Structures are given as structure tokens and as C-alpha cells.
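**Q** Pasting in a structure now, in C-alpha cells, and then I'll have a few things to ask.
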Amino acid sequence: MDRTEQSDSEAGPPPALGVGMVGHAFMGAAHSQGWRTAARVFDLPLRPVLAAIAGRDRTAVHAAAARHGWAAAETDWRALVARDDVQLVDICAPGDLHAEIAVAALEAGKHVLCEKPLANTVAEAETMSAAADRARTRGQVAMTGFNYRRVPAVAHARRLIAEGRLGTLRHLRFSYLQDWLVDPAAPLTWRLLRQHAGSGALGDLGAHIVDLAQHLSGELLTGVSALTETFVRERPLPHDSTAAGGYGTVTVDDAALFNGRLASGALASFEATRMATGRKNALRFEINGERGSLAFDLERLNELSFHDHTEPAASAGFRRILVTEPDHPYLRAWWPPGHALGYEHTFTHQARDLIEAIAHGTRPEPSFADGLQVQRVLAAVEESARKNSVHTPVPTQS
Ligand code: SOE
């Protein structure tokens, strides 16, 4: 474990960092897990305290507080932001609430973690990024929650690319495949409505792979050519809706397919869908450089495939690296080699990295500016798709 010899009683516990979280569904549960475990696994300069959780439904938010270990529950996010025992606001609410909550929290002097995609529109993301820049001058930090950067195998891939093990990159091939919307009887939840989610598979899944492509390569996408499709256009209204029994219109994409070019000239392809039957959470990439290649699949997240093209051809070839060694990113703090990690650990790593950034006053990655740049790519994808795949540049000004 990442523990020093000194016990807490000798050194005194690190100062508390009160966390307030907005939202308590799937992402809220995952983030709660991260806040609960981070200080038990890593030696942290600040100790996260699960101060309060907010949600509109009184019964549900109190149940979530009890289940996930939050000390208090609020039914209005503004009350949560105003609390003196909250120094960091973690936004796990639907995308249409991100901008308002994040800006209010930053202006109230809080640090902010915001789930991806950063916002529903580029304009909102720009407002959020500008608010984060102003807050930074006051010592506050703001991070976008692209948790897959914190899969140890993904972090190790970035390290290998940064060390030049792949040489100049030529191809980046990314897909993120799920199948939970293949059934036309699946209800019309907020994730299928543009006014709440911003976009469909594009923002939900495509945002992750755009972020990873830019993060792993260290480069930005300069433009895209895209197709999007909504295969099921009407869905039953949810049971808890006032109009239950009827049907409503899906206003987002079910799938997005796009190509792009990185600043260096490398070519990148992306596919995001929630209709790939049999694929549950298959975030995959293969990156080919002049000296070697890397391949990854989130459904086997402790593994990274590496082909070193500088080895003699007779013995070269893809080999599997089991990313569970103490020298791999984040792993020293966990279990002995071979004792695998899972999805939830990415949220522990995210909490750890954000706490380190707060304590040391460094800019956390991914920042709101990084989240904004992904938003610009998503907007360019939608514009290109509207024009039947016309190449559309991605602006990069900050
Ligand atoms: C649902 O498709 C979802 O939960 C995404 O919203 C997450 O960002 C992704 O990590 C898993 O799938």
C-alpha cells in the first residue's frame, strides 16, 4: 500500500476537504465510491469528507445519502453549493445543468469536478472554461470527469507513447460500443433528449474517445467528417412520466461515425454507438506508429497489447502486458501483481488526482479547457453530419 511508516495518530490526519455531490444515479454512485476509497488507498494531502449530496427527489436523495455514505442530503443544488462544509462540488447531474451549477460553484469559491461531456453546447463549455480560468487566479481548480484516462492500462499507453515507443503516430482507431438501446421498447429517458443530454451516443460515448485520442497522442483534432443516425425515432415514455403509456420522439443520435486528422497529420477514426448488440462497454483503441502499435479494450481493462516494430520480425508481434505491476500507473497503492482492478477504480484515481491538484495548486487534467476542446469536436461532428459528411474544421482558440 502507498502508506508511510508514520501512523495517522503520530502525524495527525490530513486536513479535510468537504465534498458536495449533485446527482445520485449511476455516475453519482460511481463518484461516491471514488470519494470513499481514495484516502484509504492513497496517501493524500487532503482527506475527502462526503459532506452532502443533492437531488430533487427527497426520498431518493436521502436513500442515496444513506447508501453511499453522505452525511447530509439537500433537495436544491444551490443549498449544497452554499454550504460552508463543502469546498468541492462534484457535478453528476444531466448535461443541461452542468454550466449553471459549475459557474455558480466556481463563483462561490468552490473547486469543481464535472462529469463529461463538459456541457451540452460549445457556448456553455466556453462560459464554464472562462469561469474556471477566473477561479484559477483565486487558487481554485476545475476538472472534467473523463475517468477512462485513469484506467492504469490507458495511463501506461500514454506513458509509452510519450516515451516515443511508437515513434511518429500514423493511425488512431477508436470505437466505443454499447448495446443498451437496441431494444425499441427501452424508455425515452433524459439521455435520449437533446435538451437534457445535448447529444446521444456522440456526447455520451464519443466524448470519451475523442478525449482519449487527444490525450494519448498529445495532439488536437483539426477537423472531422461525420455521419450520425437515429435508428429508433420514437420510444415509450418512462413509467414515472406524467404521460406514461404514450410515445415520445428521440431527439439525439443513436450512433456517430467520424474521421479526423490530428495536428501532426495522423489519421483518426471514431465510432460511438449504443446499438452494437453484444457489446456492453467496449471502448477500444488501436494506435499505430512508425516504431510500434498499442491496442486496448475496456472489457479487458487490465491488459494492454503492444507490438514493438523495432524487434526482429521473426520474434516481433503483439504481446499482452498485464498492467498490474507496481511500476504501472496507480498500481503501487493497490494489490500484488495479477490482482486485477475494475471500472470503479478509475473514480478512485480521479478523486486522488484531483485532490493532489487542489493541494499543490496545479492545473488538473483534464481541465475545463480540455473539456471545451472535446465539445468543439462534438459540435464539428454534428455540423459535418448535418452537411452529409462535409469536412468541418475544429476551432482551437482558447
Ligand atoms: C452510459 O452510456 C455510460 O454510463 C456513460 O454515460 C459513461 O460515461 C460511460 O463511462 C459508461 O456508459
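Since every read-out is calculated from the coordinates, none of them should be taken as a lab result. This structure is a prediction, so every number in the text was calculated from the model and none was measured. Note that each Cβ is placed from the backbone with ideal geometry, even for glycine, and that neighbours are counted across all protein chains shown.
**Q** Enumerate by residue number the trypsin sites (Lys or Arg not before Pro) in the range 132-161 meeting two conditions: DSSP loop (anything except H, G, I, E, B), and at most 14 other Cβ atoms within 10 Å of the site's Cβ.
**A** Working: sites: 134, 136, 138, 149, 150, 158, 159; in loops: 138.
In loop regions of the range 132-161 (DSSP not H, G, I, E or B), the sparsely surrounded trypsin sites (Lys or Arg not before Pro) are 138.
**Q** Test of understanding: what is the full-extension gain from residue 85 to residue 359, defined as 0.36 nm times their sequence separation minus their Cα-Cα distance?
**A** Length gained, residue 85 through residue 359: 96.9 nm.
**Q** While we're on this one: Counting Lys +1, Arg +1, Asp -1, Glu -1, what net charge surrounds residue 81 among other residues with beta carbon under 13 Å of its beta carbon?
**A** Numbers: positive: 78, 83, 110; negative: 74, 76, 84, 85, 90, 100, 107.
Neighbourhood net charge equals -4.
**Q** In terms of Cα to Cα distance under 20 Å, which aspartates and glutamates are near enough to residue 387, apart from those fewer than 8 places away along the same chain?
**A** In chain and number order, the partners are 229, 253, 254, 271.
**Q** Given the peptides 332-345, 28-41, arrange them by the average over their residues of other C-beta atoms within 10 Å, most packed first. Intermediate values should be presented prior to the final figure.
**A** Values: 332-345: 14.1, 28-41: 20.4.
Packing order, densest peptide first, comes out as 28-41, 332-345.
**Q** Defining a contact as two alpha carbons under 8 Å apart and six or more residues distant in sequence, what relative contact order in percent does the range 156-253 show?
**A** Contact order relative to length: 33 percent.
**Q** So what is the relative contact order for the range 108-158, in percent, with contacts set as C-alpha pairs under 8 Å and at least six apart?
**A** Once divided by the residue count of the range 108-158, the mean separation gives 47 percent.
**Q** Let me ask another. Nothing charged except the Cβ atoms of Lys and Arg (+1) and of Asp and Glu (-1): what's the magnitude of the dipole of the chain about its Cα centre? Round to the nearest 20 debye.
**A** Dipole about the Cα centre, nearest 20: 260 debye.
**Q** Can you give the Kirkwood hydrodynamic radius for the range 327-376, in Å, rounded to one decimal and based on Cα pairs?
**A** Final number for the Kirkwood radius of the range 327-376 is 12.8 Å.
**Q** Please compute the Kirkwood hydrodynamic radius of the chain from all pairs of different C-alpha atoms, in Å with one decimal.
**A** Numbers: mean 1/r = 0.0456 Å⁻¹.
Here the Kirkwood hydrodynamic radius works out to 21.9 Å.
**Q** Show which lysines lie in cross-link reach of residue 280 when reach means a straight Cα distance below 21 angstrom and same-chain residues fewer than eight apart are skipped.
**A** Partners within reach: 116.
**Q** For Cα pairs less than 8 Å apart in space and 6+ apart in sequence, what is the mean separation divided by the residue count of the chain, i.e. the relative contact order in percent?
**A** In percent, rounded to a whole number, it is 20.
**Q** Compute the signed sum of charges (Lys and Arg +1, Asp and Glu -1) over the other residues within less than 11 Å, Cβ to Cβ, of residue 372.
**A** Neighbourhood net charge equals -3.
**Q** Counting Lys and Arg as +1 and Asp and Glu as -1, each charge on the Cβ, what is the dipole of the range 247-366 about the Cα centre in debye, to the nearest 20?
**A** On the way: 12 positive and 16 negative charges, 23 e Å.
Value, rounded to 20: 100 debye.
**Q** Roughly how many whole Å is it from the C-alpha centroid of the range 121-168 to that of the range 81-101?
**A** So the separation of the two Cα centres works out to 19 Å.
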